[in-house]
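To start, the structure itself, in structure tokens.
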Ligand SMILES: N[C@@H](CCC(=O)N[C@@H](CS)C(=O)NCC(=O)O)C(=O)O
């Protein structure tokens, strides 16, 4: 059986894996590691990072690799190489926007320097938030004919775009006003439709993420 391992908080890197497996009823176990214990645990993992996945006692790492595997197992990876590449771009977009906001998170969590974090967050909003959501809006527009799902059929792309948009929308990121989404009508509409999509919003994983 697949085992997913992450910290004891929800984040898109792990949530996209469990949402896709949950959606397709692929059985998995989920182990959460206490953030306070991390310095003792870190060296046990292949790249000293989480998430990881364990199958037959072997560890696998890196979000994109794990997401690809889970999407294939869940039949959510698109039925041809071009559709798969759309999904890959959404996963890469998620990594990119995460890398852009990461310094402001690190300044608060690791350095405990709230002033620096505030300054870096304001810079992220000014320089990156709108730019990177405009890229996602364009990607959606170019690939989605019906403007419901990225590839017109529910896939890992939708799970990733929904989860990352939820992160920026949910109000838990200081200074990020969820009105930013008004500027991206296609993604805003996509986000609303995903929240209303019963096979998705009835998942225990979805309910856990939004609780
Ligand atoms: N390249 C990794 C990055 C994963 C990552 O940055 N994980 C963070 C948590 S979201 C982590 O493990 N941080 C603890 C550390 O680096 O010590 C991936 O694609 O999964």
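The values are calculated or read from the model by the stated rules, or taken from the named source; none is laboratory data. What you are looking at is a predicted structure, and each value in this text was computed from that prediction instead of being measured. With ideal geometry, Cβ positions are generated from the backbone for all residues, glycine too; neighbour counts draw on all protein chains shown.
When the stretch 30-44 is filtered for residues that are within 10 Å of the ligand (Cβ to nearest atom) and either surrounded by 15 or more Cβ atoms within 10 Å (Cβ to Cβ) or touching a residue at least 12 places away in the same chain (Cβ under 8 Å) (or both), the ones remaining, listed by number, are 33, 35, 38, 41. Taken as a whole, the condition of being in a loop (DSSP other than H, G, I, E, B) and within 25 Å of residue 107 (Cβ to Cβ) does not apply to residue 164. The sole residue among 149, 154, 200 that is outside any helix (DSSP H, G or I), closer than 25 Å to residue 30 by Cα and under 18 Å from the mean Cα position of the chain (by Cα) is 154. Would it be correct to say that residue 128 is farther than 28 Å from residue 67 by Cα and either surrounded by fewer than 17 Cβ atoms within 10 Å (Cβ to Cβ) or not assigned by TED's automatic domain parsing to the domain that holds residue 189 (or both)? Here the answer is no, as residue 128 does not meet what is asked.
Within the stretch 62-97, the set of residues being within 14 Å of residue 2 (Cβ to Cβ), away from the ligand (no atom under 11 Å from the Cβ) and buried (at least 21 other Cβ atoms within 10 Å of the Cβ) comprises 70, 71.
If a residue has to be under 11 Å from residue 129 (Cβ atoms) and not in a helix (DSSP H, G or I) to count, how many in the stretch 168-195 make the cut? Before the answer, list the steps.
Step one: list which residues in the stretch 168-195 are under 11 Å from residue 129 (Cβ atoms), which gives 168, 173, 175-177, 180-181, 183-184.
Now restrict to residues that are not in a helix (DSSP H, G or I): 173, 175-177, 184.
Here the count works out to 5.
The combined condition, being surrounded by 15 or more Cβ atoms within 10 Å (Cβ to Cβ), touching a helix residue (DSSP H, G or I) at 6+ places or on another chain (Cβ under 6 Å) and farther than 20 Å from residue 158 by Cα, is fulfilled by residue 4. Out of 9, 47, one residue alone is within 11 Å of the ligand (Cβ to nearest atom), within 18 Å of the chain's Cα centre (by Cα), exposed (fewer than 12 other Cβ atoms within 10 Å of the Cβ) and more than 23 Å from residue 199 (Cα to Cα). It is 9. Being in a helix (DSSP H, G or I), at negative phi and surrounded by 14 or more Cβ atoms within 10 Å (Cβ to Cβ) is not true of residue 122.
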